[in-house]
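Novice: Take a look at the following structure, please.
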Amino acid sequence: MLERNKQINKDLGQVIHEYLPDNQYAYSNYHTLAYMAVTGLTPKKLRNMYHVANAQEALTNEQLDEFERVKQAIASLIMIGQTYKAIKQAISI
């Protein structure tokens, strides 16, 4: 049972690497989607607006929690074979 939970909680990057190995833009696209879902802004806009090197540094604690939940949802949807378009709709941007 514990092993099963570990499988479910794979990092989004790991899921993309495993399920979408031939899509060179998947990592960037799905992470941008997660930022957009949480903040309404792309990582680049966040970095520029807050003058930070990493967009995560611009997020509040609440946004960080939400960002992790959104990434986990995206990873789960990738694992069940959903398309980018379906995932984008599912997390309602």
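Novice: Rounded to the nearest 10 Å², what accessible area does THR32 show when all protein chains are kept and the probe is 1.4 Å?
Specialist: 40 Å²
Novice: Could you tell me what percent of the accessible area of the chain is made up of carbon and sulfur, with a 1.4 Å probe and every protein chain present?
Specialist: Answer for the chain is 50 percent, counting heavy atoms of protein chains only.
Novice: Given the C-alpha atoms of the chain, compute the convex hull and give its volume per residue in Å³.
Specialist: 106 Å³
Novice: Moving on. Quick check for you: with a 1.4 Å probe and neighbouring chains kept, what is the accessible area per residue of the chain, in Å²?
Specialist: Dividing the accessible area of the chain by its residue count gives 68 Å².
Novice: Before rounding to the nearest 500, sum -39500 (n - 2.57) across all DSSP H runs of length at least 4 in the chain and divide by the residue total; then give [θ] at 222 nm in deg cm²/dmol. The partial results should precede the final answer.
Specialist: Numbers: 6 runs with 63 residues, N = 93.
Only helices count here, giving -20000 deg cm²/dmol.
Novice: Please give the solvent-accessible surface of SER92 in Å², to the nearest 10, using a probe radius of 1.4 Å with every protein chain present.
Specialist: 90 Å²
Novice: Over segment 48-92, what portion of Cα pair distances is larger than 17 Å, expressed as a whole percent?
Specialist: So the pairs more than 17 Å apart make up 46 percent of the total in segment 48-92.
Novice: List the aspartates and glutamates whose Cα sits under 18 Å from the Cα of LYS44, skipping any in the same chain fewer than 8 residues away.
Specialist: Filter leaves GLU57.
The values are calculated or read from the model by the stated rules, or taken from the named source; none is laboratory data. From a predicted model like this one, the values you see are computed outputs, not experimental measurements. The accessibility values were calculated without ligands, DNA or RNA, using every heavy atom of the protein model including side chains. Shrake-Rupley method; radii C 1.70, N 1.55, O 1.52, S 1.80 Å.
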